[in-house]
Each structure stands twice: as structure tokens, then as C-alpha cells.
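Notes for the one structure printed next.
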Amino acid sequence: MYPDLKLYIAGEWRKTSEDLAVLNPATEEEIGRHPRASRRDLDDALSAAVEGFAIWRRTAPRERANVILRAAALMRERLEEIARSITLEHGKPLRQARLEVIRGAEFFEWDAGEAMRTYGRVIPSGPGESFTVHHQPCGVVAAFSPWNFPMSQPARKIGGALAAGCSIILKAAEETPAGALHIARAFEDAGLPRGVLNLVFGDPAEISGYLIPQEPVRLVAFTGSTVVGRHLTTLASEHMTPVLMELGGHAPVIVCEDTDVEKAAISGAVRKYRNAGQVCTSPTRFFVHDSVYERFRDTFVRRAAETVVGNGLEDGVEMGPLANERRITALSELVEDARAKGAEVLAGGKRHGDKGYFFQPTVLANVPEAARVMQEEPFGPLAVINPVPSLDAAIAQANSVPYGLAGYAFTNRADYLAQLSEEVEVGNLSINTLEASMPETPFGGVKSSGYGREGGSEGISNYMVIKHVWHSSKIA
């Protein structure tokens, strides 16, 4: 069920002289090999993208939308094949992989509609002249997608770029290359012109260092860590190239005293361990009002202990492995640091089993501010639960990190809702739900979590430039 991995450049599939192994993180076995793009491959992709842009920018918005919708329909038809590929390379439970494929298709379907809504405007003017504002595609996009969502993350970038009329070179993650490959296949079968979508794999630093400075590249779109995002932003700024950055998070969850505590705790535990916590919006720092703290903590710990960990292809599994051995080391170090500084380890805290990159669903309580995990995103199945005396204290704790991607709260009080909406420093705030975004809503961060938005009516604007046309009927 795992595909034969190839580069997709100028409408053609190609192998390279050098390739690297793709491992199943649940078994540590090799399941495929992805080609490593050479400098010549990148030059070919760049030339193809330039030629593809010349065609695609002049393609009517409705026809662009039709191609995108055909590709989305093919992805839905191929749901099972794509989902199994994702589970094999990523490890997530098959049910979650299926939902990711559907979500990716939904992103494309939304962006297809947005292709026909790139409205300009007419500005009132004097006799004999007109002022009009036009939105036009920016050009070739260099995009970089992460390993944690092999299908939906590439879909966000490809969908926005193609809907706007741009061409794109996507460097997908080497750990999980199949999702992007299936997207490229779908667009090829949907009739996308050659060169509009190009897919490469290889050394991330080498590819970004080569593509970003190239003159035809007019936008850099990246999802990943804040450290890498800052580096790419610096590189792009040297060439005055705009960037779209969706970076790390460390999402707070504020649990107020008026909520249904047990439901909030169960919801928090289920969502925390989805995708093994490898989600930039994953709820991680739970700040619970003193009066309901013990009930919330005990319910959360009980549900965490019930989480079924295993190979994502097996029935009933709720949480698969981490991406690689490095993530196990990183999480173990965070747990030990917190323990040494006085935190309680109420569940998990170490590797699960002796085969595959599994880590136990972990709960830390009463974690002091000095612990690394209070400032560093764990990006794994690790939750922190701390008591707070008031909403003011919870908000202060929520805002105490340099990140601001997603935040959550559980409350039924209107005054609390107003205060949370005004004061929590995030790009996405969800109340009584732990879902951070939908295709029709804008998604992005503040502070060190990046800038720009994907999704919603705002998402396509990143891929467009604004042109003002001043027309006078007489020569001045």
C-alpha cells in the first residue's frame, strides 16, 4: 500500500541517483525510499514553475476552481489508499489518517471557491479618471510542509497558491512524503497544467538555501518550528521576499470553575493525545481553577491511562508512535527536568515498549515555572496541569510564553468569555471546544508563532499582490 516515491517536476515523475529511507515509526522498518533532489532538479523545478505560472495566472478563476475541485474529489475517492500510506509513514491511527485526508480535501474545496472571490474595488474619483484596485497572483511560491500532517499541511499551501493563480514548488517532509505525492498525483489526473505544481524532497537546508534567494520566488510559505522559521525569514528578508509563517505553539487551556469539569477533562485528554501530541495547536498547559482542580486532574489522569497506544493499523488504537527516536529523547529530558524541579508525574513519563517510537501518555502536575516544559513546546503526548486561583492568574500564565498560536478555555460565563477574547494572546481562541480551525476560518499565530493566515477569506490574500490602476481620460 505504500507508494513508489518520486519527484514531480514539470508534469513528470523522476527518480534520482541518491535516495533515503522512509521508516515506519511503529516498527522501525523501512517501507520506502524517497529521492533526494539535486541542484539540477531544483533548477528544473524553478524553470517549470516559471513556465507554469505564465499559463496558470491567465487561466480563468472558474477553470482553476474546477481543476482544484476535481483533484479534491479524486482524493476523496482514494481515501483508503492515501490514509493507509499516511499511517504507515507517520504512525497515526488509521481513523485519524482518514480524517486528515478528508480535511485536506476540504481545504482544497474551500480554496476553489476563494479562487472566484478575489475581488478588487473601485475608489471614488473625479471626472475623467478612475482608481481601481486589482488583486493579482504574486508568482512562484516556495513552500515547505512539516511531517506531522502529511496530507493536510501540504494541502493548505498548495490550495491557497493554486486558487490565487500562483505556481508552487513544494518541499515536503522526508519523514512523511506520501501525502504530498498523492496530492500531486490527484492534480496530475485532474488536468493541472505542467509546471504549476512541483514536488521535491531532499536536504531541507540545502533546498531552502537555494530556492529562497532565486529571483522568480515571490513568496516563502513555511510551517514548522520557530527556530527554522526565523532562519528562513532572515534569508527571505535579504531578498525582500515576503513570507507566510505558521510556527510553533504551546497552547494553554483555561478551565473555569463554572464549567462541566468531567467533560472538559475527558475532552482535554482525548485531544491532547491525538496525533501523539504532535500538533502545533495541541492543548498542553492546563490552568485549572483551584475549586475544581482535583476533579479535573483526577478525571484527566484516568482518561490518559485508558488511552490505547499501538500500531495505527490495529483496531481500537487511539495513539500511535512519535515521529522518530529524537522525540523520545526530547520528551524524556523534559519530564526529568520537571521532576527534578518538583513537579509530580501522575501518568506516563517514559518510553512505551521496546519496539517503535512509542511514548506513554504523560501527565505532569504542579509544575513550577522554572521547569523547561513551561516554556518549551513538548510536541508530544505530555500535558501539564496546574491550579490557579482566578481567571486573571490563568490568563497571565497563558500569556507567559513567547508563543501565541492557539488557546482554549472552558466556561459558560459571558463576562469570562469577553475577558478571554480580549486578553488571551493567541491567533486562534476556542471556547468549550478544542478544535482550533476550520477551512473557512483564518488560521495563524502571533508573537513567535508566526504571521500571515491560512484558510478563511484571509488565506488567499497571502498569495496575491495589490495593484492600484489610475486611469485618466486625458494626458495631464
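Here, each number is a calculation from the coordinates, and none is a lab measurement. This is a predicted model, so every value here is computed, not measured. Note: ideal-geometry Cβ built from the backbone for every residue, glycine included; neighbour counts use all protein chains shown.
Side notes on the structure shown:
- Unmet criterion (only one of (1) closer than 25 Å to LEU420 by Cα; (2) in contact with a strand residue (DSSP E or B) (Cβ under 6 Å, 6 or more places away or on another chain)) for THR233: (1)
- Residue list for the stretch 325-345, restricted to those being farther than 15 Å from THR284 by Cβ and of a type outside the set (Lys, Arg): GLU325, ILE328, THR329, SER332, GLU333, GLU336, ASP337, ALA340, GLY342, GLU344, VAL345
- Selection from the stretch 265-295 of residues that are hydrophobic (A, V, I, L, M, F, W, C) and surrounded by fewer than 24 Cβ atoms within 10 Å (Cβ to Cβ): ILE266, VAL270, VAL279, PHE287, VAL292
- Residue that is nearest to ILE158 (Cα to Cα) [pool: residues in the stretch 428-476 that are part of a loop (DSSP other than H, G, I, E, B) and basic (Lys, Arg)]: ARG453
- Criterion violated by LYS157 - all others in (1) within 28 Å of PRO378 (Cα to Cα); (2) surrounded by fewer than 24 Cβ atoms within 10 Å (Cβ to Cβ); (3) in contact (Cβ under 8 Å) with a residue 12 or more places away in the chain; (4) not aromatic (Phe, Trp, Tyr) satisfied: (2)
- Residues satisfying the stated conditions in the stretch 233-264, i.e. surrounded by fewer than 24 Cβ atoms within 10 Å (Cβ to Cβ) and part of a helix (DSSP H, G or I): THR233, THR234, LEU235, ALA236, SER237, GLU262, LYS263
- Residue in the stretch 335-343 that is closer than 18 Å to VAL384 by Cα and loosely packed, with under 14 Cβ neighbours inside 10 Å present: yes
- All positions within the stretch 363-381 that are more than 23 Å from the chain's Cα centre (by Cα) and outside any loop (DSSP other than H, G, I, E, B): VAL363, LEU364, ALA365, ARG372
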